[in-house]
Each structure stands twice: as structure tokens, then as C-alpha cells.
1. What value, in deg cm²/dmol to 500, does the helix sum -39500 (n - 2.57) over DSSP H runs of n ≥ 4 give at 222 nm once divided by the residues of the chain?
2. So, for the chain, what is the accessible surface per residue at a probe of 1.4 Å, expressed in square angstrom?
3. I'd like the carbon and sulfur percentage of the solvent accessible area for the stretch 25-91, probe radius 1.4 Å, heavy atoms only, ligands and nucleic acids excluded.
4. For the residue pair S60 and R9, what label-to-label distance in nm results when each label sits 7 Å from Cα along the Cα-to-beta-carbon direction?
Amino acid sequence: MKDKLVVIRYAEAYVSFALPALGMPRIIEEMRVTHWALREAPQLRDFLRAPEVSLEEKSSFLDKVFTGALSGQTRDFIKYLIYRRRIDSLSDI
């Protein structure tokens, strides 16, 4: 139950943060893209989880790979999940 509450809180925070700039249809689409990428490229998930890779390296990678596919708001949200060590929750959001 605790994990479910965490996921709900992060999802609500993301929507509150991104909604004014993106609108709900784009938020939904960007989450679909994100879930697809994590599902189709398990090495991406492993990279984002890896404690030996710095936050700066992960942040730079996200910006290089996902600029154009994901908004700055979504990339910043993913970076925040990495910073908070909650990247595993992303697939549930």
C-alpha cells in the first residue's frame, strides 16, 4: 500500500507541474512514450537505476536522447525520480 501511495503522489505532482504547459493529452502521450522506451530497452532502465552512474551523466543522457520526443517538463520529472531514487516507480505512474 505504501508503494501505491508513493506512485499516486508522484503522479499527481507530475500532472500538477506539467499540466499548465503541456495539457493532459500530451502528458498522457509522453508517459506512453516513456513506458514504451523502458519496456523495449531494459538496458535503459538498468542505466537509469545504476548507482555507479552519476546524476549528471543520467541527466545529460536523457537530454541528448529524449529532446524532441519528451518535453523538458517530463525529462525534469524523470530526473527528479532518479534523484529521489524512485525511478522504479516510473512504470507505475
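The values are calculated or read from the model by the stated rules, or taken from the named source; none is laboratory data. This is a predicted model, so every value here is computed, not measured. All Cβ positions, even for glycine, are placed from backbone atoms using ideal geometry, and neighbour counts span all protein chains on display. To get the accessible areas, we keep the full protein, side chains included, count just its heavy atoms, and leave off ligands, DNA and RNA. Shrake-Rupley method; radii C 1.70, N 1.55, O 1.52, S 1.80 Å.
1. -24500 deg cm²/dmol
2. 65
3. Here carbon and sulfur together make up 52 percent of the probe-accessible area.
4. For S60 paired with R9, the spin-label model returns 3.2 nm.
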